[in-house]
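Scroll down for the structure; my scribbles are underneath it.
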Amino acid sequence: MSESSKSEGVLTEIDHVAIAVNDLDAAVTYYQDTFGCEVAHREVVERDGVEEVLLKVADSYVQLLTPIRDDSPVAKYLEKKGEGIHHVGYRVADCATALDRVKAQGHKVIDEAPRPGSRGTTVAFVHPKTAYGTLIELVEE
Ligand code: CO
């Protein structure tokens, strides 16, 4: 299949599965002790009001996410739904192109344009409302 083919998939890999937790250190310890996972990265993402830890699983990550402020979207999520899967991050070669494709299909997005994510990535979130109840993050490394 040619690279310009419209039917070619834009999601190249699962980048991470993000899990919202109340106690980040306790959740990290759980993954380390129970599954032998290694911490690959830890970062406070001020703009999103979260602290995250990435645990490596093959070429993907489990991302543990906790709010650092009461007005963080993750704080609201925990309050409303409790701990659990918050979003799925898919790797894409080009975040802007992938996001444009979502919008061109008439689907709702949270980010109108790509923006900086953690680890120096470029990301954009797709709204769960028109994505079958899943908050989707497009991740360009
Ligand atoms: Co994410």
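Derivation of every value follows stated rules applied to the coordinates shown; laboratory data play no part. Fair warning: this is a prediction, and the values are worked out from it, not measured in the lab. Glycine also receives a Cβ, built like all others from the backbone with ideal geometry; neighbour counts cover every protein chain displayed.
Just a few scattered comments:
- Scanning the range 96-124 for residues that are under 20 Å from residue 63 (Cα atoms), of a type in the set (Gly, Ala, Ser) and in contact (Cβ under 8 Å) with a residue 60 or more places away in the chain yields 117, 118.
- The residue that is farthest from residue 15 (Cα to Cα), among those in the range 29-52 that are of a type in the set (Gly, Ala, Ser) and surrounded by 13 or more Cβ atoms within 10 Å (Cβ to Cβ), is 49.
- Single residue of the range 53-80 satisfying the filter (assigned to a strand (DSSP E or B) and out of contact with any helix residue (DSSP H, G or I) (no Cβ under 6 Å at 6 or more places or on another chain)) that is surrounded by the most Cβ atoms within 10 Å (Cβ to Cβ): 63
- Tally of residues being among the hydrophobic types (A, V, I, L, M, F, W, C) and farther than 19 Å from residue 105 by Cβ across the range 124-141: 1
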